[in-house]
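> Sharing a structure, written as C-alpha cells. Questions coming.
The values are calculated or read from the model by the stated rules, or taken from the named source; none is laboratory data. Model, not experiment: these values are computed from the prediction. Backbone-built Cβ (ideal geometry, glycine too); neighbour counts: all protein chains shown.
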Amino acid sequence: MAIKVRTVERAGSTLMERLYLPEIIKGMGITLRHFLRNLHDSKNIIVRDYPEQKVEIPPRWRGRHRLTTREDGSIKCVACFMCATNCPAKCIFIEATEREDGVTEKMPARFDIDLLECIYCGFCVEACPVDAIRMDTGIFSVVTDNRADMVVTKEQLMQTPGMPGCEPTKEEN
C-alpha cells in the first residue's frame with residue numbers, strides 16, 4: 001500500500017512576497033481603511049473609560065490565583081506537587097513540610113507563584129485533587145514596577161478573596 005504524500009505550497013515563495021514591501025503596503029492600507037471608517041462614523045466606536053468603568057468579568061474567567069482554606073482556616077493544599085508538575089511554564093514552587101494537626105500528611109511550607117512566568121492556562125487548577133488552588137479572583141490587572149512583587153507567596157495567595165458567586169457547591173467539595 002503506497003502512502004500518498006501531499007506537497008503544500010509554501011507561502012512567501014514569490015519575489016514580491018519575499019520583498020515584504022507590497023505586504024507592508026497592504027497592511028497599512030487595511031489600517032488606513034479602518035481609521036477612515038472610524039473617523040467618519042465615530043458614534044459606533046466602543047470606548048470604555050477604564051479604570052472608572054469596570055469590565056464585566058464572566059464567571060469562568062481565569063484571573064489571578066488564590067489558595068483555598070478549610071473551615072478552621074488551615075490551608076487545603078496537601079503539597080502533592082501535582083500543580084507544579086502539570087504547569088507548562090514551571091512557575092509554581094512548593095516546599096513541603098509535615099503537618100502537625102493530623103488533618104493530612106503534608107502541607108506546603110512554601111508555595112510561590114511567579115506571575116511573570118505564568119501563562120494563566122488553568123492547568124494547575126485542573127490538576128489539584130483537593131481543590132486547593134483556584135483562579136476565580138476576578139483580578140485581571142496585575143501591575144507593578146518591581147519584579148520581586150510579581151512572586152506571590154503562600155500567605156498572599158491565602159488572603160486573596162474569590163469573586164462573589166464563584167464558590168463551589170456542596171457536591172463539588
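> For segment 94-115, indicate whether the set of residues that are in contact (Cβ under 8 Å) with a residue 40 or more places away in the chain, farther than 26 Å from Tyr50 by Cβ and among the β-branched types (Val, Ile, Thr) is non-empty.
No, segment 94-115 has no match at all.
> Quick one: Tyr50 ticks every box in (1) surrounded by 10 or more Cβ atoms within 10 Å (Cβ to Cβ); (2) under 32 Å from the mean Cα position of the chain (by Cα); (3) more than 30 Å from Ala132 (Cα to Cα) except a single one, so which number is it?
Condition (1) is where Tyr50 drops out.
> Still on this structure, I have one more. So which residues in segment 109-119 are exposed (fewer than 15 other Cβ atoms within 10 Å of the Cβ) and either of a type outside the set (A, V, I, L, M, F, W, C) or within 12 Å of the chain's Cα centre (by Cα) (or both)? Even if it seems obvious, please write down each step before you answer.
Pass one, segment 109-119, residues exposed (fewer than 15 other Cβ atoms within 10 Å of the Cβ): 109-110, 116-117, 119.
Scanning segment 109-119 gives Arg110, Leu116, Glu117, Ile119.
> Now for a separate question. Restricting the search to segment 23-56, which residues are modelled with pLDDT under 90 and aromatic (Phe, Trp, Tyr)?
Matches in segment 23-56: Tyr50 only.
> So which of Lys90, Lys76 is modelled with pLDDT of 85 or more, basic (Lys, Arg), surrounded by 14 or more Cβ atoms within 10 Å (Cβ to Cβ) and farther than 14 Å from Tyr120 by Cβ?
Of the residues listed, the single one that is modelled with pLDDT of 85 or more, basic (Lys, Arg), surrounded by 14 or more Cβ atoms within 10 Å (Cβ to Cβ) and farther than 14 Å from Tyr120 by Cβ is Lys76.
> If Ile57 satisfies every condition in (1) out of contact with any Lys or Arg (no Cβ under 7 Å at 6 or more places or on another chain); (2) surrounded by 14 or more Cβ atoms within 10 Å (Cβ to Cβ); (3) assigned by TED's automatic domain parsing to the domain that holds Ile113 but one, which is the exception?
Checking Ile57 against (1) out of contact with any Lys or Arg (no Cβ under 7 Å at 6 or more places or on another chain); (2) surrounded by 14 or more Cβ atoms within 10 Å (Cβ to Cβ); (3) assigned by TED's automatic domain parsing to the domain that holds Ile113, the one that fails is (3).
> Let me ask you something else. Which of the residues belonging to segment 61-78 are of a type outside the set (Val, Ile, Thr) and farther than 26 Å from Arg147 by Cβ?
Arg70, Glu71, Asp72, Gly73, Ser74, Lys76
> May I ask you to say which residue of Lys154, Lys106 is among the basic types (Lys, Arg) and surrounded by fewer than 19 Cβ atoms within 10 Å (Cβ to Cβ)?
The unique qualifying residue is Lys106.
> While we're here: With respect to Leu157, is the statement that it is in a helix (DSSP H, G or I), under 25 Å from Pro58 (Cα atoms) and out of contact with any Ser or Thr (no Cβ under 6 Å at 6 or more places or on another chain) true?
Answer is yes for this residue.
> Need pairs with beta-carbon distance below 6 Å; first residue more than 16 Å from Lys154 (Cβ to Cβ) and within segment 121-134, second among the hydrophobic types (A, V, I, L, M, F, W, C); sequence gap 6+ or separate chains.
Gly122/Met135; Val125/Ile133; Val125/Met135; Ala127/Met82; Ala127/Cys83
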